[in-house]
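> The structure that follows is given in the form of structure tokens.
The values are calculated or read from the model by the stated rules, or taken from the named source; none is laboratory data. Note that the structure is predicted; figures quoted are calculated from it, not measured. Counting neighbours? That spans all protein chains shown, and the Cβs are built from the backbone with ideal geometry, glycine included. Just the protein is used for accessible areas: all its heavy atoms, side chains included, with ligands, DNA and RNA removed. Shrake-Rupley method; radii C 1.70, N 1.55, O 1.52, S 1.80 Å.
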Amino acid sequence: MDIYAEVTSRIIAEMEQGNIPWQKPWISSGGCISHATGKPYSLLNQMLLGRAGEYLTFNQCQQEGGKVKKGEKSQMVVFWKWIEQEDEETGEKKEVPFLRYYNVFHIDQCEGLKAKYDKPMPKTANADETADRIIADYCSREGVKLIHEKGDRAFYRPSTDSITIPRMEQFAATSEYYSTAFHEAAHSTGHPSRLNRIEKTAFFGSEAYSKEELVAEIGAATLVNYVGLETLESFRNSTAYIQNWLKVLKDDKRFILSAAGKAEKAVNLILG
């Protein structure tokens, strides 16, 4: 059986039945929050910090009996402080906002401390020996760095040739964890040193970006099927994800056949 053609035809059949709502396959660990209060930081600080989790100052870490790991670098958090000033001409006093900052460390950068406000993770996804071996062999052979991070993003970064995905404990299903890992691995095959498929001018929502997402998700669906981890839920989730990007391409279902060809090359590279 031609597994690529089979998976592609099944995806098209699912799409022809109508819209399928796509669900993020992992549980978010929450945004960037204060270790002291449990409250989330402002949107600006969320963007500055980037990585989800609890943050605290050097002094807060020491006060709780912990210590910052050697060599760890702090990150900046900004806030507005109102300061009373006197107008030189009128003598009138008024409050003026001044931007201030303080430095914080992620809880993982500290020793002797535990997070206080962790969301309970599903911890229902299990390691699969065959899938793990495929990913490890590919990353080792091609020099791709694989990073597991307790966050809310999964992505491949061409500039560092690295894959970042949430930790396995954040996934409710084994198939969804490996689907995510295979999706990002498929993206990495487009690096200039490999299949040279990723366009530098691609940006979110563009046609080039949409096409690359289709290639990666077809590749992921194929690999999950290949290792025997596919479930009805994971397949329908992949189908919905693909369908979403096809909308950007004006529902050009014919393109999925072209994307499947590119995905086959990606899968073959990953499998060695």
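> Please identify the pairs in which a residue from the stretch 240-258 that is under 11 Å from residue 210 (Cβ atoms) has its Cβ atom under 8 Å from the Cβ atom of a residue that is open to solvent by 90 Å² or more (accessible area, probe 1.4 Å) and in a helix (DSSP H, G or I), counting only partners at least 6 apart or on another chain.
Hits for this filter: 248/207; 249/207.
> Moving on to the next point. Among the residues of the stretch 94-119, which ones are within 24 Å of residue 152 (Cβ to Cβ), of a type outside the set (Asp, Glu) and assigned to a loop (DSSP other than H, G, I, E, B)?
The answer is 113, 114, 115, 116, 117, 119.
> Within the group 44, 49, which residue is in contact with a Phe, Trp or Tyr (Cβ under 8 Å, 6 or more places away or on another chain) and free of Cβ contacts under 8 Å to residues at least 60 places away in the same chain?
Going through 44, 49 in turn, just one is in contact with a Phe, Trp or Tyr (Cβ under 8 Å, 6 or more places away or on another chain) and free of Cβ contacts under 8 Å to residues at least 60 places away in the same chain: 49.
> Being outside any helix (DSSP H, G or I) and of a type in the set (Phe, Trp, Tyr) is the filter; apply it to the stretch 176-215 and report the residue that is nearest to residue 228 (Cα to Cα).
204
> Restricting the search to the stretch 1-23, which residues are within 16 Å of residue 267 (Cβ to Cβ), hydroxyl-bearing (Ser, Thr, Tyr) and free of Cβ contacts under 8 Å to residues at least 12 places away in the same chain?
Correct list: empty.
> So, in the stretch 135-174, how many residues would count as being surrounded by fewer than 17 Cβ atoms within 10 Å (Cβ to Cβ) and touching a Cys at 6+ places or on another chain (Cβ under 8 Å)?
Counting residues in the stretch 135-174 that are surrounded by fewer than 17 Cβ atoms within 10 Å (Cβ to Cβ) and touching a Cys at 6+ places or on another chain (Cβ under 8 Å) gives 1.
> May I pose another question? Is there a residue in the stretch 253-265 that is under 20 Å from the mean Cα position of the chain (by Cα) and not small (Gly, Ala, Ser)?
Looking for residues that are under 20 Å from the mean Cα position of the chain (by Cα) and not small (Gly, Ala, Ser), one finds none in the stretch 253-265, hence no.
> Quick one: how many residues across the stretch 45-77 are closer than 23 Å to residue 119 by Cβ, open to solvent by less than 90 Å² (accessible area, probe 1.4 Å) and either aliphatic (A, V, I, L, M) or part of a strand (DSSP E or B) (or both)?
9
> Which residues, counting only those in the stretch 110-134, are touching a Ser or Thr at 6+ places or on another chain (Cβ under 8 Å) and open to solvent by less than 60 Å² (accessible area, probe 1.4 Å)?
Hits for the stretch 110-134 are 121, 125, 128.
> So, one more: Quick check on the stretch 3-21: of everything there that is in a loop (DSSP other than H, G, I, E, B) and surrounded by fewer than 17 Cβ atoms within 10 Å (Cβ to Cβ), which residue is modelled with the lowest pLDDT?
Among those residues, the one meeting the criterion is 19.
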